[in-house]
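Data block below; observations after.
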Amino acid sequence: MLTREEIVEVLAPYNLWGGRKWNALPRDEYLLGIERKLSAGAVALIGTRRSGKTTLAGLFLGKAVDGGFPPEGTLYVNLEDPRFSPYLSPEFLEEVFSAYRTYVYDGNNPIVVLDEVQNVPGWEKWVRKVLDLGEARVVVTGSTSSLLRSELSTLLTGRVLPVEVYPLSFGEFLMFRGFSTDIKRLLGKRRKVEALLREYLEFGGFPQVVLTEDEVLKLDLLRELFEGIILRDIAYRHGFRDARAVKIVAELALSRFSSLVSASRLRNELAGILGRKVSPNFVDGVLDAMEEAYLSFRVPILSPKVKDAMRYPKKMYAIDTGIANVVGIRFTENIGRLAENAVARHLRQRFREVYYYRGKGEVDFIVKEGLKVTRAIQVTWDIDESWEREVEGLLEAMGVFGLKEGTIVTGWRSCEERFGEKTVKCVPLWRFLIGL
């Protein structure tokens, strides 16, 4: 075991009181969310790797210090530091906290950040103790939604509030590139906005990728990120013994982004590639693990019939269009599907319940808030080629769910047409992504 002096030596370079600076563009929506929820207990920043969780936690500590809180009253613990790896346990967390309290800060109500906390088995017990005794405010980060499951649901019920962190939205992307998100200021800059939108659709919104200028390096970073999620957050964490098979399932599924994905069909394709039988549960397990690792998410059909919900496959979307591009066919052949994926990600970040609709026609997205359906949304890059089909499906769904207005997200066209008492509006993708 490390001595307390050695623990503080490891901690110092990561911390504001040790000279650490967190130089990054703020993501104010998240910082306000952390501040609001931390007053009610602990906060869990969860999301895919490299979405910015660590930076957000550091920026939050910096914001507290800028507001008058002493730097020594903040503690950041990197639980992926190899010097800590042999000792990770609730008892070690207590030793780290005691070392900090002994040598750095003995004042009231420090703010403690535990980064990549899922590396510590039983970490929930230590956090529960700290919260019960009022010893600190706690922010934890992790790359898996399982932080909010299993023991957490019983040990920390209502005590840890989640903040899901996503790769940059298009609005954040614009700010990272030095542009305003004021729609009026962007209206006269179509060519520039078009170039930025295409860049966003092609390379996505992971902050490191956005801030990298070299396009080849962008793709290398995305491939490395995909590999890391597959190996560390899916295969290793979930105990899948055949990492190659896991990767094949992920590639097959994500290559069908913005499309219906059947687990049974994927299983047959995997069996053909591997030349052997595949367990019926394997593909389902991998698809669930992909969602838990925030690599992808699936959208189910909205139907009052339980049979329909079970019979129809879900639609697959990547958490980031850059990931979709490095796994699937390249950008130019897929701009319509990428636009749909961008809309899906945008909706998932803002609404708890997002579905698709299928009747005589189809609608890409149905948003449900509480017990009421509030939005019906189609996505098509070239509305001139598909106007009749998109409108027919939209009007049908609007009739079923009692909506007076529906939206078609397009590449660039704006329009508004009335059909009796119903109104269909066309909204350019860039406006939809920063205006909803």
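The values are calculated or read from the model by the stated rules, or taken from the named source; none is laboratory data. No experiment lies behind these values; they were computed from the predicted model shown. We place every Cβ from the backbone using ideal geometry, glycine too, and count neighbours over all the protein chains shown. Please note that ligands, DNA and RNA were not included when accessible areas were found on the heavy atoms of the full protein model with its side chains. Shrake-Rupley method; radii C 1.70, N 1.55, O 1.52, S 1.80 Å.
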Do we have any residue at all in region 397-410 that's among the aliphatic types (A, V, I, L, M), over 27 Å from Glu251 (Cα atoms), buried (at least 21 other Cβ atoms within 10 Å of the Cβ) and free of Cβ contacts under 8 Å to residues at least 40 places away in the same chain?
yes
Could you say whether any residue in region 184-204 is surrounded by 16 or more Cβ atoms within 10 Å (Cβ to Cβ) and of a type in the set (Ser, Thr, Tyr)?
yes
Would you be able to say whether some residue in region 364-372 is of a type in the set (A, V, I, L, M, F, W, C), closer than 15 Å to Glu405 by Cβ, open to solvent by less than 80 Å² (accessible area, probe 1.4 Å) and more than 22 Å from the chain's Cα centre (by Cα)?
no
Scan region 236-250 residue by residue and report those that are modelled with pLDDT of 95 or more and crowded, with 16+ Cβ neighbours inside 10 Å.
Phe240, Ala245, Val246, Lys247, Ile248, Val249, Ala250
Anything in region 307-318 that is assigned to a strand (DSSP E or B) and either over 30 Å from Gly205 (Cβ atoms) or not charged (D, E, K, R) (or both)? List them, or say none.
Met316, Tyr317, Ala318
Restricting region 47-63 to residues that are open to solvent by less than 10 Å² (accessible area, probe 1.4 Å) and among the hydrophobic types (A, V, I, L, M, F, W, C), which is nearest to Phe206 (Cα to Cα)?
Leu56
Evaluation of Leu260 against (1) open to solvent by 40 Å² or more (accessible area, probe 1.4 Å); (2) of a type in the set (A, V, I, L, M, F, W, C); (3) more than 22 Å from Val343 (Cβ to Cβ) (one fails), failing number:
(3)
(1) modelled with pLDDT under 95; (2) outside any helix (DSSP H, G or I): which one isn't true of Val193, the others all being true?
(2)
Pro86 passes all but one of (1) in contact (Cβ under 8 Å) with a residue 12 or more places away in the chain; (2) closer than 23 Å to Gly142 by Cα; (3) not β-branched (Val, Ile, Thr); which number fails?
(1)
Is region 402-422 home to any residue that is modelled with pLDDT of 95 or more, among the basic types (Lys, Arg), in a strand (DSSP E or B) and farther than 24 Å from Ile183 by Cα?
yes
Just give me the residues in region 86-110 being assigned to a loop (DSSP other than H, G, I, E, B) and either over 15 Å from Gly18 (Cα atoms) or under 28 Å from the mean Cα position of the chain (by Cα) (or both), in sequence order.
Leu88, Ser89, Asp106, Gly107, Asn108, Asn109, Pro110
The lone condition Ile248 fails out of (1) in contact (Cβ under 8 Å) with a residue 12 or more places away in the chain; (2) under 20 Å from the mean Cα position of the chain (by Cα) is (2)
Considering only region 215-230, I want to know if a residue exists there that is at pLDDT 90 or above, more than 30 Å from Leu252 (Cβ to Cβ) and surrounded by fewer than 20 Cβ atoms within 10 Å (Cβ to Cβ).
no
Give me the residue from region 273-306 that is part of a helix (DSSP H, G or I) and open to solvent by 60 Å² or more (accessible area, probe 1.4 Å) and, out of that set, nearest to Gly228 (Cα to Cα).
Asp288
Is region 19-27 home to any residue that is in a helix (DSSP H, G or I) and either open to solvent by less than 70 Å² (accessible area, probe 1.4 Å) or farther than 17 Å from Ala136 by Cβ (or both)?
no
Please verify whether Arg83 is over 30 Å from the mean Cα position of the chain (by Cα) and surrounded by fewer than 21 Cβ atoms within 10 Å (Cβ to Cβ), treating the condition exactly as stated.
no
I'm checking my understanding of the structure. Among residues of region 86-118 that are out of contact with any helix residue (DSSP H, G or I) (no Cβ under 8 Å at 6 or more places or on another chain) and polar (S, T, N, Q), which one is surrounded by the fewest Cβ atoms within 10 Å (Cβ to Cβ)?
Asn108
Considering only region 1-26, state which residues are at pLDDT 95 or above and of a type in the set (Lys, Arg).
Arg4, Arg20
Which one of these does Val127 not meet: (1) crowded, with 16+ Cβ neighbours inside 10 Å; (2) of a type outside the set (Ser, Thr, Tyr); (3) touching a Pro at 6+ places or on another chain (Cβ under 8 Å)?
(3)
So Thr141 clears everything in (1) in a helix (DSSP H, G or I); (2) hydroxyl-bearing (Ser, Thr, Tyr); (3) open to solvent by less than 10 Å² (accessible area, probe 1.4 Å) except one condition, right? Which one?
(1)
Have a look at Gly228, Gly239, Gly188, Gly205 and point out the one that is in a loop (DSSP other than H, G, I, E, B) and under 23 Å from Tyr30 (Cβ atoms).
Gly205
